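One structure is given here, and the rest of the page talks about it.
The values are calculated or read from the model by the stated rules, or taken from the named source; none is laboratory data. Everything numeric in this text was worked out from a predicted model, so none of it was measured. Virtual Cβ from ideal backbone geometry, glycine too; neighbours counted across all protein chains shown.
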Amino acid sequence: STHEITEIGIWDRGGNLEAWEWFLGGAPADAYAAPARAEDLTGMPPTFIDVGELDLFRDEDVDFVQRLIQAGVPTEFHIYPGAYHASEVFAPQADLSQRIWASRISALTRALHG
């Protein structure tokens, strides 16, 4: 999806590459800066990931989720049809946005309180 979402003027491939440069400050991304780049995911904590179908990060999130599952990491994954990156922020009252937030709050509550 990162190669599909280009030159749209908001968070696209170019903006993503620039953000990584800012975040890393020129250093290579290690597993602490970007856990998806770790070779061995065994022992990672239980993980919650959600992504929109039209999100720049969709494909890399799907790949990471598959790797987590293969490594035996408890993983909860949601992909939201029709959603784009941060759609729940841009349209907070939409039904889909409400479902996204409810799912996140539920996952966080379970993580903190069992």
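Starting from residues that are more than 16 Å from GLY72 (Cβ to Cβ) and outside any loop (DSSP other than H, G, I, E, B), keep the ones in region 28-47 and report whichever is farthest from the chain's Cα centre (by Cα). Working first, answer last.
Residues of region 28-47 that are more than 16 Å from GLY72 (Cβ to Cβ), as a first pass: 28-34, 36-37.
The next check asks that each one be outside any loop (DSSP other than H, G, I, E, B); those that pass are 36-37.
Numbers: ALA36: 10, ARG37: 13 Å.
The selected residue is ARG37.
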Notebook entry, point to check: Taking only pairs six or more apart or across chains, which ones have beta-carbon atoms under 8 Å, a first residue in region 33-52 that is touching a residue at least 60 places away in the same chain (Cβ under 8 Å), and a second residue that is surrounded by fewer than 17 Cβ atoms within 10 Å (Cβ to Cβ) and among the charged types (D, E, K, R)?
Noted result: PRO46/GLU76; PHE48/GLU76; PHE48/ARG104
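For the structure I just gave you, tell me whether LEU24 is under 12 Å from the mean Cα position of the chain (by Cα), among the aliphatic types (A, V, I, L, M), surrounded by 11 or more Cβ atoms within 10 Å (Cβ to Cβ) and modelled with pLDDT under 95. So that I can check it myself, show each step before the final result.
Details: under 12 Å from the mean Cα position of the chain (by Cα): no; among the aliphatic types (A, V, I, L, M): yes; surrounded by 11 or more Cβ atoms within 10 Å (Cβ to Cβ): yes; modelled with pLDDT under 95: yes.
No.
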Next item on the list: Give the residue, chosen from ALA102, ALA107, that is surrounded by 16 or more Cβ atoms within 10 Å (Cβ to Cβ) and part of a helix (DSSP H, G or I).
Entry: ALA107
Next item on the list: Run down GLU88, GLU76 and say which single residue is of a type outside the set (Gly, Ala, Ser), more than 19 Å from ASP63 (Cβ to Cβ) and touching a helix residue (DSSP H, G or I) at 6+ places or on another chain (Cβ under 7 Å).
Entry: GLU88
